[in-house]
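The block underneath contains the structure these notes are about, expressed in structure tokens.
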Protein chains: 2
Amino acid sequence: MTENKLDTEEKIKAAAAKLFTQRGYAATKTRDIAEEAGINLSLLNYYFRSKEKLFNLIMGEKIRQFFGIVVPVITDASLDLELKIELFVEKYIETLTQNPDLPIFVLNEIRNDPKHFVEEIGANKILMSSSLMNQIRAKNPEVNPVHFIMNLMGMSVFPFLSKPVFMASQVVDENSFRALMEERRKLIPIWMKAIVESK
Amino acid sequence: MTENKLDTEEKIKAAAAKLFTQRGYAATKTRDIAEEAGINLSLLNYYFRSKEKLFNLIMGEKIRQFFGIVVPVITDASLDLELKIELFVEKYIETLTQNPDLPIFVLNEIRNDPKHFVEEIGANKILMSSSLMNQIRAKNPEVNPVHFIMNLMGMSVFPFLSKPVFMASQVVDENSFRALMEERRKLIPIWMKAIVESK
DNA sequence: AAATGATTAAAACAATTGTTCAAATATTTT
DNA sequence: AAAATATTTGAACAATTGTTTTAATCATTT
């Protein structure tokens, strides 16, 4: 039955995505994926040929998820800078709240295999030539706009990267972290404005 | 000879530190460490009992390195807020320029084993009760000071976490990245001031 | 020079892990 | 219904990997 086939294939992909993002490539065993998916180990190779091919598939999806979120925002010339920032922050905090393991996984695996990232994100010059970058340059021509994007991403993404540290230190718990992120959704645009206009 | 003993022990530790921080625990093989150190495989177990014990040793050192840098700064009540920020940024950018793999390794492994982190950093309440936090609270009582520390760390550390992305995207190369970080050393304190005083 | 103890090397072991195979079961097509 | 095809299963294989063992080498002491 064709539906059953999609079912198991999706089950394997979901299990693989969960474990790969949580543990990384090397620490994830094919038997763990099979168990998590509730399927026989052989089916993994039957459907995806090898652990590596399955990983590359998941990896590609995660890369597109992580970087694709904001592409429509940063490229849309009809949005002014202020609105772009608001949407950028909102999209990231929303997506990462649902997928807290996404950033550390993506950053890790890009470092391990930068080529795969370049192949996956066909147009890698999108960022520098984007409407967002031009608007930043116009606003403050004296500062390299890369600083701006590092600040914007840093303030949005870093909290999720460092969440385990703040949790372990008992600085936040699951609920207060969520509340903090809600606050940041409104605060980061204000801070970014202050940064761009500073000095 | 006792000097030779220290020599090989240090060689193994250096090799282990390099490979563990670059690849993580699971992807690092004991045989790779031995080869990198230029020693026989058996010596690893002879000196450190097991891969896991060796890893915990390295891990502890890296955690202390990553978090220890700024403890003297954030706890010293004789430094005013502005100077604290300057020193904080300077220390981090300096240390991470020398050890670019440090943050992603530390954040990764803390997520994998938060308990080890808590045991390693005995006093985990240092941050919240630090002189730095009190100075922030005094300056802007309306905003949770955790936001402030996330911004400060995010702006300082995130560039190193995302460096492989910007390199692969050809947004920066090794030299321009270094130059950017030099700029940030001066800019982040200015931006942080703008943030704290915003609204 | 012989003996002792520390250090190093090579080989082997046992468990793990990715993958394949052959048979069984289920589904679709003729 | 029979044949053909697709899916699932359990066992097995081969390579990898952390660790241990046994013997050899080296430096130091007697």
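The values are calculated or read from the model by the stated rules, or taken from the named source; none is laboratory data. On a predicted model such as this, the values are computed, not experimentally measured, just so you know. Cβ coordinates were reconstructed from backbone atoms using ideal geometry, including for glycine residues, and neighbour counts include every protein chain displayed.
Laid out as a table, the results:
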read-out	value
Test: residue in the range A:51-62 that is modelled with pLDDT under 95, surrounded by 17 or more Cβ atoms within 10 Å (Cβ to Cβ), within 15 Å of DNA strand D (Cβ to nearest atom) and of a type outside the set (A, V, I, L, M, F, W, C)	no
Residue in the range A:5-12 that is of a type outside the set (Asp, Glu), surrounded by 15 or more Cβ atoms within 10 Å (Cβ to Cβ), more than 13 Å from DNA strand C (Cβ to nearest atom) and within 20 Å of A:ILE121 (Cβ to Cβ) present	no
Check on A:ALA34, more than 30 Å from A:ILE188 (Cα to Cα), crowded, with 18+ Cβ neighbours inside 10 Å and within 16 Å of DNA strand D (Cβ to nearest atom)	yes
Some residue of the range A:146-167 being outside any helix (DSSP H, G or I), facing another protein chain (nearest Cβ under 8 Å) and within 18 Å of the chain's Cα centre (by Cα)	no
Test for A:ILE126: is it over 24 Å from B:GLN22 (Cα atoms) and part of a loop (DSSP other than H, G, I, E, B)	yes
Extreme residue, farthest from B:GLU94 (Cα to Cα), among residues of the range B:170-198 that are facing chain A (nearest Cβ under 7 Å) and of a type in the set (S, T, N, Q)	B:SER198
Hits in the range B:113-131 - residues which are out of contact with any Pro (no Cβ under 9 Å at 6 or more places or on another chain) and under 23 Å from A:GLY154 (Cα atoms)	B:LEU127
Scope the range B:123-137; condition within 15 Å of B:SER78 (Cα to Cα) and aliphatic (A, V, I, L, M); matching residues	B:LEU132, B:MET133, B:ILE136
Only one of A:ILE33, A:ILE63, A:ILE39 that is away from every other protein chain (no Cβ under 14 Å) and either without any contact (Cβ under 8 Å) to a residue 24 or more places away in the chain or closer than 15 Å to A:GLU120 by Cα (or both)	A:ILE33
Which listed residue is buried (at least 21 other Cβ atoms within 10 Å of the Cβ), under 21 Å from B:VAL196 (Cβ atoms), outside the structural domain of A:GLN22 (by TED's automatic domain parsing) and not charged (D, E, K, R), from A:VAL106, A:VAL143, A:VAL89, A:VAL165	A:VAL89
Given (1) at the interface with chain B (Cβ under 10 Å from one of its Cβ atoms); (2) touching a residue at least 24 places away in the same chain (Cβ under 8 Å), number of the condition A:LEU102 does not satisfy	(1)
Filter pass, B:PHE158 being aromatic (Phe, Trp, Tyr) and surrounded by fewer than 20 Cβ atoms within 10 Å (Cβ to Cβ)	no
Residue count, the range A:19-62 (criterion: closer than 25 Å to B:PHE20 by Cβ and away from DNA strand C (no atom under 13 Å from the Cβ))	5
Some residue of the range A:36-49 being more than 27 Å from A:PRO103 (Cβ to Cβ), β-branched (Val, Ile, Thr) and at pLDDT 95 or above	yes
